[in-house]
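S.K.: The structure that follows is given in the form of structure tokens.
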Amino acid sequence: MRSRIHNKMCWSRALLTGWVLLLVQLLCFEAVPISMDKTKVQEPEKKIEEPPPSVDTGLHYDRYLREVIDFLEKDQHFREKLHNTDMEDIKQGKLAKELDFVSHHVRTKLDELKRQEVNRLRTLIKAKQDLEGGNDIAVDHQALLKQFEYLNHMNPHTFEVDDLDRLIKSATKDLENFDKERHEEFKKYEMMKEHDRREHLKALDDDERKKEEEHYEDMRKKHADHPKVNHPGSQNQLKEVWEEADGLDPEDFDPKTFFNLHDTNGDGFFDEQELEALFTKELEKIYDPTNEEDDMVEMEEERLRMREHVMNEVDSNKDRLVSMDEFLVATKKKEFLEPDSWETLEQNQAYTDEEMREFEEHLVQQEQDLNQKADDIQKQRDELERQQEQLNAQKIELQQAVEHMERLKTQKVEPPPEVHVEGNAIPEMHAFDNQLHPEQEAQPQGHLPAPQDPQHAPQEHYEQHQDLAQQGLPQTHQDLPPGHQEAAQGQHHLP
């Protein structure tokens, strides 16, 4: 039974495969070649895929900003509001109020992102303080977090409407200043490069200096010798991208199709990164990373200049985005059809002679300040070494004193010998107990020695004094220690 079923299934599959092959052959035979109208360029089918990763904005809180935006766009309600809200309304904080309507899952994730960002800022504050040598000083995080205006530091646990409003306004303001700061950094870069070149020439002799200056001029001429650069955003420039990058016929150029082809994330706008990508072909005419005369830092500055120029010409509402309508309006202007020539960086020096002079004076002042700090540090080092030498000497003296005390402790002091005097013997008294000698304590009071003859007393007394003097012992009561004097006086007053 099983074999029959199996045979039927195999036969069905073979029959189905045969019909499919026959159908393909019929379609191939009956297909009639048709000519394509190149003016009607069909847009490729849009595949469902993940959006491209966000480009770094250059802000110090860029990661936090992008993560917040990514999670907000996962909420359908907020995503619709974001695409339908005017940029001016976004700047005024109207979009931030929509945060109350996002899903609980998104709000929970935003809370977590904020806590991570606050912890990151606290770590940065602590690290900065450690570098400045304030390890023992308590850190007031609440006071220091005030400088970060893009979040509400008073509530470090939950992401609220105020946090989104702060983030939007701070990012808008900081991005507007970001290009200006980049230009200033590039100007300093160019002036430092020229300063280093001049300092290098000073260190050379006349012949080497002449050769170096000739080489420098040759490099400048080679860099300036490049094909004509089209005006950014002009018809000629975009047609060149259409032909070389897109592989399409320049005669079939269509602004709307061009916009859709290069709106890479499909949001209906050219953002700054999408615009900058359009200038790659123009920049390749001027800069080659394998050429000694071409500076890639200058290439990025040129790209920034081109993007700023197009934004100023096309972005009518100043939202740092170019919509389809703004782009189509710009393509009808005279500047688009008949543009002026574009002056590159080598034709527009980034700094003036006065700025260069002030920059070099500032470098000289910086060098003097650094030398002064180095001298101060050296003096502090010498003083510390001197103090260390003093401490070492004191340590040696203290060690010697301790060793001397230890030697004294190990030495044994012999007690003084007992004193035996004929007649009225004076017992040896010990300062620690003020007691009589054990032999005298054992004598009863009734067996005291008999008094001597008064006639012989002076002579015997004199002989006792002589014997004591010879032995270096006390001769009178006054010569004895205080305890012994009292004991001796008590001995003479016995009956």
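S.K.: Quick one: accessible area per residue over region 204-351, 1.4 Å probe, rounded to a whole number of Å²?
M.R.: On the way: 8180 Å² over 148 residues.
Spelled out: the 1.4 Å probe surface of region 204-351, per residue, equals 55 Å².
S.K.: Let me have the relative contact order for region 204-351, percent, based on Cα pairs under 8 Å that are six or more residues apart.
M.R.: Values: 128 pairs, mean separation 46.1, N = 148.
Reported as a whole number, the value is 31 percent.
S.K.: Lysines within cross-link reach of LYS379: Cα-Cα under 28 Å, excluding same-chain residues under 8 positions apart?
M.R.: Partners within reach: LYS128, LYS395.
S.K.: Working out 0.36 nm times the residue gap between ASP376 and GLU389, then minus their Cα-Cα distance, what length gain in nm do you get to one decimal? Don't skip to the end; give the middle numbers.
M.R.: Values: separation 13, 0.36 × 13 = 4.68 nm, distance 2.00 nm.
My answer for the length gained is 2.7 nm.
S.K.: Need one value: the accessible area of GLU184 in square angstrom, 1.4 angstrom probe, rounded to the nearest 10.
M.R.: 90
S.K.: Using protein chains only and a probe of 1.4 angstrom, how many square angstrom of ASP225 are accessible, to the nearest 10?
M.R.: For ASP225, the solvent-accessible surface is approximately 130 Å².
S.K.: In nm, what is the difference between 0.36 nm times the number of residues separating GLU112 and VAL297 and their Cα-Cα distance?
M.R.: Gain in length upon complete extension: 62.8 nm.
S.K.: Follow-up question, since we're still on this one. Just check region 143-293 against the gyration tensor rule for me: Cα atoms, a ≥ b ≥ c as the square roots of the eigenvalues, rounded for a/c under 1.5, and otherwise prolate or oblate depending on whether a/b exceeds b/c. Mind showing how you got there, number by number?
M.R.: Details: a/c = 4.38, a/b = 1.23, b/c = 3.57.
Judged from the Cα gyration tensor, region 143-293 comes out oblate (a/c at least 1.5, b/c at or above a/b).
S.K.: So how far apart, in nm, are the two label points at GLN365 and LYS202 if each is 7 Å from Cα heading toward Cβ?
M.R.: It works out to 1.8 nm between the two label points.
S.K.: Oh, and also: Quick check: the distance between the Cα centres of region 60-104 and region 310-336, to the nearest angstrom?
M.R.: 25
S.K.: From the protein chains alone at 1.4 Å, what is the descending order of accessible area for SER323, SER316, SER103, largest first?
M.R.: Numbers: SER323 25, SER316 90, SER103 50 Å².
Putting SER323, SER316, SER103 in descending order of accessible area: SER316, SER103, SER323.
S.K.: Something else: Hey, rough spin-label estimate for ASN155 and GLU181, points 7 angstrom out along Cα→Cβ, what's it come to in nanometres?
M.R.: A separation of 2.7 nm, rounded to one decimal place.
S.K.: Magnitude of the Cβ-charge dipole of region 84-243, K/R +1 and D/E -1, about the Cα centre, nearest 20 debye? Display every interim value, and only then the final one.
M.R.: Numbers: 31 positive and 39 negative charges, 73 e Å.
Roughly 360 debye for region 84-243.
S.K.: With a sphere of radius 15 Å drawn around the Cβ of ASP375, what net charge do the other residues whose Cβ falls strictly inside it have (Lys, Arg +1; Asp, Glu -1)? Before the final figure, lay out each step's value.
M.R.: Details: positive: LYS373, LYS379, ARG381; negative: GLU367, ASP369, ASP376, ASP382, GLU383.
Charge balance near ASP375 sits at -2.
S.K.: Rounded if a/c is under 1.5, else prolate if a/b beats b/c, else oblate: with a ≥ b ≥ c from the C-alpha gyration tensor eigenvalues square-rooted, which is region 249-291? Before the final figure, lay out each step's value.
M.R.: Details: a/c = 3.83, a/b = 1.52, b/c = 2.51.
The shape class here is oblate.
S.K.: Assigning unit charges at the beta carbon (Lys, Arg +1; Asp, Glu -1) and nothing else, what dipole magnitude in debye, to the nearest 20, does region 169-240 show about its Cα centre?
M.R.: Working: 18 positive and 21 negative charges, 98 e Å.
Approximately 460 debye in magnitude.
S.K.: How large is ³J(HN,Hα) for each residue in region 262-276, as worked out from phi by the Karplus curve 6.51 cos²θ - 1.76 cosθ + 1.60 (θ = phi - 60°), to whole Hz, x for Gly and Pro?
M.R.: Result, ordered by residue: 9, 7, 5, 9, x, 8, x, 9, 8, 8, 5, 5, 5, 5, 4 Hz.
S.K.: Could you tell me whether region 204-351 comes out rounded, prolate or oblate from its Cα gyration tensor? Rule is a ≥ b ≥ c as square roots of the eigenvalues, rounded for a/c under 1.5, then prolate if a/b exceeds b/c, otherwise oblate.
M.R.: Values: a/c = 2.60, a/b = 2.25, b/c = 1.16.
It is prolate, given that a/c is not under 1.5 and a/b is the larger ratio.
S.K.: Also: Taking the Cα centre of region 204-351 as origin, sum charge times position over the Cβ atoms of Lys and Arg (+1) and Asp and Glu (-1), and report the length of that vector in debye to the nearest 20.
M.R.: Charge dipole, region 204-351, about its Cα centre: 700 debye, nearest 20.
S.K.: Give a quick list of GluC sites (Glu not before Pro) in region 306-345 that DSSP marks as loop, anything other than H, G, I, E or B, with at most 11 other Cβ atoms within 10 Å. Walk me through the intermediate numbers first.
M.R.: Working: sites: GLU308, GLU313, GLU326, GLU335, GLU343; in loops: GLU343.
Here the GluC sites (Glu not before Pro) that fit, given the DSSP loop and packing criteria, are GLU343.
The values are calculated or read from the model by the stated rules, or taken from the named source; none is laboratory data. Note that the structure is predicted; figures quoted are calculated from it, not measured. Virtual Cβ from ideal backbone geometry, glycine too; neighbours counted across all protein chains shown. Heavy atoms of the whole protein, side chains included, go into the accessibility calculation; ligands, DNA and RNA do not. Shrake-Rupley method; radii C 1.70, N 1.55, O 1.52, S 1.80 Å.
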